[in-house]
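Worksheet: the structure to be examined is printed underneath.
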Ligand code: ADP
Ligand code: MG
Ligand code: MG
């Protein structure tokens, strides 16, 4: 069973991973965007970490909803509202249960990913974070490791795609041949989940 502390540690681990990979994420965004994805997420997850530490929420759902709110209020770019919606919606689905199962998390994450698709109007193959998140949510029904591997494979699979949503879509065919920054950070989020102890 996964408790509030597990979700708190997932978010803390994501913040550390985003810090480590910020330069890489920004480099990917400089090829097909505006070179701010690393700094956007660094600012966002630093705020998430600080808010969770200040007043640790008591349930898994509350941890994710607070994290989502922080991302929406601190990240100016497209990724803030999208990741914010992902975490808020996933948290809302978890309700106020003190602990949740991996199966319940898998179902809730599926709803969160669907909310991202609805907000951004993107679908699989559009070269966005969804190309990592959709296969990850699906594979989470099997295991954390399967979800981590599916997200990573999904991020790599964005390289040959032409972007149809977000800033990268302005480049048309010139977006081909570059890995999507948001799909790359989504793989970090899921890798952090798989690396969090206590499942
Ligand atoms: P911005 O593009 O506003 O500078 P970021 O650089 O932080 O924001 O985030 C860019 C990432 O957001 C892209 O790599 C892509 O994965 C994701 N993204 C952009 N638009 C959409 C969308 N409509 N649906 C899903 N993901 C999107
Ligand atoms: Mg950007
Ligand atoms: Mg920007």
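Readers should treat all values here as calculations from the given coordinates under stated rules, not as data from a laboratory. None of these values were measured; they are calculated from a predicted model. Positions of Cβ are backbone-derived with ideal geometry, glycine not excepted, and every protein chain shown enters the neighbour counts.
Take the Cα of residue 143, step 7 Å toward its Cβ, do the same at residue 197, and the gap between the two points is 1.9 nm. If you sort the three axes of the alpha carbon gyration tensor as a ≥ b ≥ c, you get a/c of 1.5 or more for the stretch 23-129 and a/b no higher than b/c, which makes it oblate. As a rough footprinting exposure proxy, the listed residues 148, 164 were ranked by other beta carbons within 10 Å of their own, and the order from fewest upward is 164, 148. Assuming a ≥ b ≥ c are the square roots of the Cα gyration tensor eigenvalues, decide whether the stretch 71-149 counts as rounded (a/c under 1.5), prolate (otherwise, with a/b larger than b/c) or oblate. Since a/c reaches 1.5 but b/c is at least a/b, the shape of the stretch 71-149 is classed as oblate.
When peptides 6-18, 118-130 are ranked by their average number of other Cβ atoms within 10 Å per residue, the highest-first order is 6-18, 118-130. Over the stretch 2-195, calculate the relative contact order: mean separation of alpha carbon pairs under 8 Å at least 6 apart, over the residue count, as a percent. It rounds to 21 percent for the stretch 2-195.
Please work out the FRET efficiency for the pair residue 55 and residue 153, using the Cβ-Cβ distance as r and a Förster radius of 35 Å; give the result to the nearest 0.05. FRET efficiency, residue 55 to residue 153: 0.40.
Under the criterion of Cα pairs below 8 Å and six or more residues apart, the relative contact order for the stretch 120-165 equals 48 percent. Cα centroid separation, the stretch 123-180 to the stretch 1-62: 19 Å. First check a/c for the stretch 2-195, with a ≥ b ≥ c the square roots of the eigenvalues of its C-alpha gyration tensor; if it is under 1.5, answer rounded, and if not, answer prolate when a/b is larger than b/c or oblate otherwise. The shape class here is prolate. Rounded to the nearest 10 degrees, the angle from helix 102-120 to the longest Cα principal axis of the chain is 40 degrees. Helix 144-156 sits at what angle to the longest principal axis of the chain, using alpha carbons and giving 0 to 90 degrees rounded to 10? Orientation of helix 144-156: about 20 degrees from the principal axis.
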